[in-house]
1. Do we find a residue being without any contact (Cβ under 8 Å) to a residue 12 or more places away in the chain and of a type in the set (A, V, I, L, M) anywhere in segment A:84-96?
2. If you check B:Lys80, B:Lys25, which single one turns out to be within 14 Å of chain A (Cβ to nearest Cβ) and in contact with a strand residue (DSSP E or B) (Cβ under 9 Å, 6 or more places away or on another chain)?
3. At least 1 residues that are hydrophobic (A, V, I, L, M, F, W, C) and farther than 19 Å from A:Tyr416 by Cα in each: list the strands (runs of 3 or more DSSP E) lying fully within segment A:326-396 that qualify.
4. Take the conditions at pLDDT 90 or above and either surrounded by fewer than 16 Cβ atoms within 10 Å (Cβ to Cβ) or within 30 Å of A:Glu372 (Cα to Cα) (or both) and apply them to A:Lys431. Does it pass?
5. Out of segment B:154-176, which residues are without any contact (Cβ under 8 Å) to a residue 60 or more places away in the chain and under 19 Å from B:Glu341 (Cα atoms)?
6. From the list A:His276, A:His314, which residue is assigned to a helix (DSSP H, G or I) and touching a residue at least 12 places away in the same chain (Cβ under 8 Å)?
7. In segment A:205-245, how many residues are out of contact with any Phe, Trp or Tyr (no Cβ under 8 Å at 6 or more places or on another chain) and not in a helix (DSSP H, G or I)?
Amino acid sequence: MYINIGLGLLILFFILLTLATFLITLLGQEKINKKKLLSELDYMRRVYADVETQSKLLVDTNLNFQRIQRELDKKLKALNTLYKITQTVSNTFETDKILESIDQEDIEELGFEKLAFFIFSEDGKGIRVKNFTGYGDEEPEIPDNIIDSISALKGPIYIGSKVHMPEGLVPLAEKLNLTSMIIMPLSIREKHIGVMVIGNTKTFQKPSESDIEILSLLANQLVQSIENSSLYEQLWKSYQDLEERVKERTRELEEANKALQVVDQAKNEFVSAVAHELRTPLTSIKGYATILASGRLGKLEKDQQERLKRINKHSNELVNLINNLLDISRIKAGKTTMHIEDTSLREVIRDVEEIITPQTEELKIEFRTRFEAETENIMVDKIQLERVLINLLSNALKFTPELGQIGFNLTSEDGYIKFEVYDTGAGIDDKDLDKLFNEFFRADNNINREKKGTGLGLSLVKQIIEAHSGTIWVNSKIGQGSHFYFKLPIKREEQKNG
Amino acid sequence: MALKIGTGISSDTNAYFAGKNAAIKALSSLGVDVPELGIAFSHYEYPILQINDGIKATLGEKNLVIINSQANVMNNTFKKRSVVLNLLSGHSYYHAISMVKNLSENPYVAGHHLAWGLLDSLEAKTHKKESQKKLALVFGSDSFIQKTELLRGLQEVLGVRFPIVGGIVSSDSSLSPTEVSFNRQSSRDGVVGILFAGENLVIGVGSHHGWIPLGLPKKIKKAEANRVQNLDDMSPLKYYFQYLGKHLDLRKEDTDSISTIYPLGLEAEKDNYVIRFPKFFEPGGSILLDSQVAENQNLRLMMGTRKTLLEATEKALNQALEPFQKEKISPKFIILVAGIERKDILGVDINTEINLIKKKVPETTKIIGIYTRGQFAPLGGSSKLANTSRYQNGAILLAAVGVKRV
């Protein structure tokens, strides 16, 4: 029995020992687990704290970055506004249009709601609203006695709220319905011309230096534009005055010209009438002189014959003069029709040579013609062209001494035939060149004083050439001879077109 | 004449002439075709009925829906004060229009009424072709808080997975009411919808926002309507302060822009957040959001950068164009509804966002759109069936419409 009791106690002891070991192990494990959990929790706390710290850092960095970005945006928008103004300025010089180019959205982009421009009068005693934005269609009122307060401003001022408003500017803020504002003086060459007021209906945070810088830039650009606009207006006004004067003078000149044309026409008609009237009796005189000279009315003494010859000669000269006068009058009046026809240039040369050669031989003057034109024919009045050439060559003969040289060349030039009539004669003084083609002009020289002439030949030549849509000019130097050039179109205008 | 589009924009300061000029340009862009429907987006400062009269003086009596906007887009032009008009003509599609007033009384019921109105109108036009309905374009005035309720009402009738897109129109200030109109009926507390249907109509919808989650999520422990009061025993202001610290000065003007960069993201599905911008930080530390919010929802601080926003635009565009690539056609037009907050972050790059879209579609695809505070759009586009439309803020929604080759 004792053995059983002892065995039982031993078993009980072992059970208790196992239980105790188990409990000790369990408690140890729990402690380890708890420690592990606490360590994990601690780790999580640290991770959370890290996340929070990192998040705060990120917020801080991002916020600063976004502020910088906003500042940059503001500058960019201001630059855009400036660019827009510049664009407007390049299209218009109207101050109102330049100021109107800043619209509500531009002001809002710069962080403001309202904008108004005040301009002082010339004497600085008055003030008026030049332009406004953000007030609808109603022009903001100008408070009384405000000029002193704003004309004294030397630089931009910022008023952040009504509390900080200088007493003198309160009425302005009230009339403009602004709680915060920036007043920017507008000056041209140190002259105060007005102010730009930009502001908000609510309290505005202190503008940064760059805000002020941007607004100053804007104000300067606008002032510059206004100045340019005013200068342009002055310039435009002067230009218009000048143009008006030019128009007036032109009108006067036109009237004078018309009067001259009337006089010229009257002169031509008079010359034409007189020439006609003279030609009839002259023909009779010439006829009777010829009959008398023939001896049919009785034999004449030698002296009588001599005098009749002179009558005949002078009558011929007078007839030539009258004919030339009549021709000039007719061409000028457009009464003479050019009989334009396809004319052989070689034929013209031949005809002219036939008339001129005997005279050159008699005067011992060399006469040359050179044909270098690319075309054989020209559309002209043949008789009139020959008349021009004979006239010019006769002049050449007249002014060329014995053993001298005269001649003419024909060349082609861009649809024209260029004629050159030259001589190695006395030449023409520079001062006479401009007047050479005037009617009745005769250069003052020995030859002209010796030899008679009407002063109508070159004028007639010019009229004939111009009637053919040609031009004539001359190169000459005293002692070196003269070169008369004229160009005639190969084809008539209607032929070219058609 | 499958489906033809004409677009016109005008920024005349006079509302009547802005409408008239936009209509003249849109008609000229449409060519010889007769328009059947006009959708106009007009800046909220323009009186909506004057715009209506200006457009109708040119168009005559055609169906015309006008929606207020904060800024408009036409092709690659971004303009705040403007009227953009999109004219539709052709026989490849049907449209039904409905408008419900007194929206704020019960937005959920208004959603039901609008949806039934659209279906009834479509039925009357098409005779049992309701199954061909493809897209609902819905715009409501910003006169109520329960925006998700309006959407719930619409989805219960039109289908939970039916693409309902559009937005809540907004203005720069809560004092300026917003308006929607259908012909000469206008409402500052209303919602207007256009249902597009047609067997061969191809629709692609893409939508993303681009804000990325930041920091640790919090559970909304206490919220009432659009007011969030407690986030894991912390006030929302404190939660903001924890991350923004010295940057968060409620007296400063740029608090608005800070909350634009760092809005809150309501967890909608795994790793997908619907953006909510705090409209106002209240003295007790609570915040007001644009729409109602439910308790026990997870919420996180989000962060937006130009890069992430532009990436989101690209993603939305790819999703919107996916059905067209399959059909090997181009969309006839794309309607863009984007959060005005995007403009605050994108700054001058707002044009980059528009050009990004313009570059990916042919010249013939017209783009019109508005910038507003709220958007109805599936989170991530309509190509995934699970994506139902949600009321979002800050998102860019692109709804592309085209016609299959027959």
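The values are calculated or read from the model by the stated rules, or taken from the named source; none is laboratory data. Treat the numbers as computed from the prediction; the structure is a model and nothing was measured. Quick reminder, even Gly has a Cβ in these numbers, built from the backbone with ideal geometry, and neighbours come from all protein chains shown.
1. The answer is no, given that none of the residues of segment A:84-96 is without any contact (Cβ under 8 Å) to a residue 12 or more places away in the chain and of a type in the set (A, V, I, L, M).
2. That would be B:Lys80, the only listed residue that is within 14 Å of chain A (Cβ to nearest Cβ) and in contact with a strand residue (DSSP E or B) (Cβ under 9 Å, 6 or more places away or on another chain).
3. Because the criterion is at least 1 residues that are hydrophobic (A, V, I, L, M, F, W, C) and farther than 19 Å from A:Tyr416 by Cα, the strands (runs of 3 or more DSSP E) in segment A:326-396 that meet it are A:366-372.
4. no
5. B:Ser173, B:Ser174, B:Leu175
6. A:His276
7. 2
So that you can scan it fast, the table gives a plain yes or no per residue for (1) buried (at least 20 other Cβ atoms within 10 Å of the Cβ); (2) away from chain A (no Cβ under 14 Å):
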position: B:Ser207; (1), (2): yes, yes
position: B:Lys219; (1), (2): no, yes
position: B:Asn230; (1), (2): no, yes
position: B:Phe241; (1), (2): no, no
